[in-house]
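I have placed the structure first, in the form of structure tokens, so that the comments after it can refer back to it.
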Amino acid sequence: MIFLTQPEIRQATIFTRLPDRFRQPDERNPWSQANRGGQPVNSFLEGPVWHPSGCLYVTDIPYGRIFRVDPSGDWELIVQYPGEPNGMKLVGEDTLLITDYRHGLMKLCLSERTVTPWLSRRNSESFRGVNDLTLDSQGNLYFTDQGQTGLHDPTGRVYRLSREGKLDLLLDNCPSPNGLVLSPDENILYVAMTRGNCIWRVPLQKDGSVSKVGQFFTSHGPSGPDGLAMNRRGELLIANPGLGRIWLLNELGEPLEIITSPAGRSTTNLCFGGEDMRQLLITESVSGAILSCPMTVPGQPIPASL
């Protein structure tokens with residue numbers, strides 16, 4: 001791939017790894033059969049969320065677990081339940097909202113360590129398999145319904161749920177919608193199309209509709225873009241599993257930086273955290289590692305209320 005700009009290449013460092021006591025015996029469970037080609041998995045980390053207390057929360061999809069990682073890198077199991085939690089966002093100091101592939105949207109109360117259903121169906125129809133979520137300053141929730149869609153079946157969906165409970169279907173022709181994030185002015189929604197190996201740019205109209213949706217960035221390799229983040233300058237960050245890298249793009253979709261992984265190629269998701277939100281935290285899912293990389297521009301805050 002030839003770029004008009006020459007990106008800087010840096011390598012992240014390993015902040016911490018999932019301790020052996022939390023690694024499940026390697027086994028071929030139903031999730032790994034469908035999503036990892038039947039390879040044994042002892043964990044698969046996703047959905048990093050930075051908490052104002054200074055801790056990081058992450059999900060473990062195949063074993064239905066939510067972990068808390070403290071500033072020194074020590075791990076604590078917060079809850080385990082019969083689900084497949086993927087993306088998470090903080091919606092209050094004591095509450096995490098989870099996209100669960102099996103159950104739809106779930107709510108985790110941190111103080112009580114309980115997981116309860118929040119939105120499991122749309123008009124009595126089950127979701128295909130929700131994946132990730134983000135919020136805007138008006139209390140609207142955007143989430144992807146990925147399922148097993150791809151170029152063979154481009155019917156993945158993107159939804160917006162208003163504070164009042166109105167659920168709008170924004171897109172229904174997506175080849176594997178995954179991570180999503182809003183521009184700082186909240187006029188553009190960026191959506192990762194994993195099996196399409198690209199990022200879609202979705203302009204949001206004042207009447208709530210979308211128009212002139214286009215392809216913003218095209219990647220390559222065995223697995224396309226996954227989790228997304230945004231910095232305060234309006235630059236997009238993309239976790240790209242399969243390549244083991246993070247792309248940092250300017251407003252033209254040109255790579256400014258490439259951050260590589262020292263722990264494996266399955267860089268699935270990312271968030272900003274640390275002092276002044278200048279630390280990029282990345283899940284390397286197969287190795288069970290959390291990677292870290294200092295950033296010059298801090299992360300764009302994600303509203304934390306519904």
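Only one residue in Thr283, Thr296, Thr267 is more than 18 Å from Cys55 (Cα to Cα) and in contact with a strand residue (DSSP E or B) (Cβ under 6 Å, 6 or more places away or on another chain), so which one is that? Full working, then the answer.
Details: Thr283 fails: more than 18 Å from Cys55 (Cα to Cα); Thr296 fails: in contact with a strand residue (DSSP E or B) (Cβ under 6 Å, 6 or more places away or on another chain).
Of the residues listed, the single one that is more than 18 Å from Cys55 (Cα to Cα) and in contact with a strand residue (DSSP E or B) (Cβ under 6 Å, 6 or more places away or on another chain) is Thr267.
Of all the strands (runs of 3 or more DSSP E) wholly in segment 246-304, which have at least 3 residues that are closer than 19 Å to Asp60 by Cβ? Full working, then the answer.
Numbers: elements: 255-260, 267-273, 279-284, 289-294.
Where strands (runs of 3 or more DSSP E) fall fully within segment 246-304 and carry at least 3 residues being closer than 19 Å to Asp60 by Cβ, they are 267-273, 279-284, 289-294.
With respect to Thr99, determine if the residue is part of a strand (DSSP E or B), closer than 21 Å to Asn140 by Cα and free of Cβ contacts under 8 Å to residues at least 12 places away in the same chain.
Details: part of a strand (DSSP E or B): yes; closer than 21 Å to Asn140 by Cα: yes; free of Cβ contacts under 8 Å to residues at least 12 places away in the same chain: no.
So Thr99 fails the test.
Quick check on this structure: which one of Gly214, Gly165 is surrounded by fewer than 18 Cβ atoms within 10 Å (Cβ to Cβ), more than 15 Å from the chain's Cα centre (by Cα), modelled with pLDDT under 95 and of a type outside the set (Ser, Thr, Tyr)? Lay out the reasoning, then the answer.
Details: Gly214 fails: modelled with pLDDT under 95.
Within the list Gly214, Gly165, the selection yields Gly165.
From the list Leu280, Leu291, Leu243, Leu252, exactly one residue is free of Cβ contacts under 8 Å to residues at least 12 places away in the same chain, aliphatic (A, V, I, L, M) and out of contact with any helix residue (DSSP H, G or I) (no Cβ under 9 Å at 6 or more places or on another chain). Which is it? I'd like the intermediate steps shown before the answer.
Numbers: Leu280 fails: free of Cβ contacts under 8 Å to residues at least 12 places away in the same chain; Leu291 fails: free of Cβ contacts under 8 Å to residues at least 12 places away in the same chain; Leu243 fails: free of Cβ contacts under 8 Å to residues at least 12 places away in the same chain.
Only one candidate passes the filter, namely Leu252.
Matching residues to (1) buried (at least 18 other Cβ atoms within 10 Å of the Cβ); (2) part of a loop (DSSP other than H, G, I, E, B):
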{"position": "Met106", "(1), (2)": "yes, no"}
{"position": "Glu112", "(1), (2)": "no, yes"}
{"position": "Thr116", "(1), (2)": "no, no"}
{"position": "Gln138", "(1), (2)": "no, yes"}
{"position": "Thr144", "(1), (2)": "yes, no"}
{"position": "Gln148", "(1), (2)": "no, yes"}
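Name the residue that is nearest to Asp132 (Cα to Cα), counting only residues in segment 201-235 that are charged (D, E, K, R) and either touching a Ser or Thr at 6+ places or on another chain (Cβ under 7 Å) or in a strand (DSSP E or B) (or both). If you could, list the steps in order and put the result at the bottom.
In the first step, residues of segment 201-235 are kept if they are charged (D, E, K, R); the result is 201, 206-207, 212, 226, 232-233, 235.
Checking which are either touching a Ser or Thr at 6+ places or on another chain (Cβ under 7 Å) or in a strand (DSSP E or B) (or both) leaves us with 201, 226.
Values: Arg201: 16, Asp226: 9 Å.
By that ranking, first place goes to Asp226.
The values are calculated or read from the model by the stated rules, or taken from the named source; none is laboratory data. For clarity, every value in this text was computed on a predicted model and none was experimentally measured. Ideal geometry is used to build each Cβ from the backbone, glycine not excepted, and the neighbour counts take in all protein chains shown.
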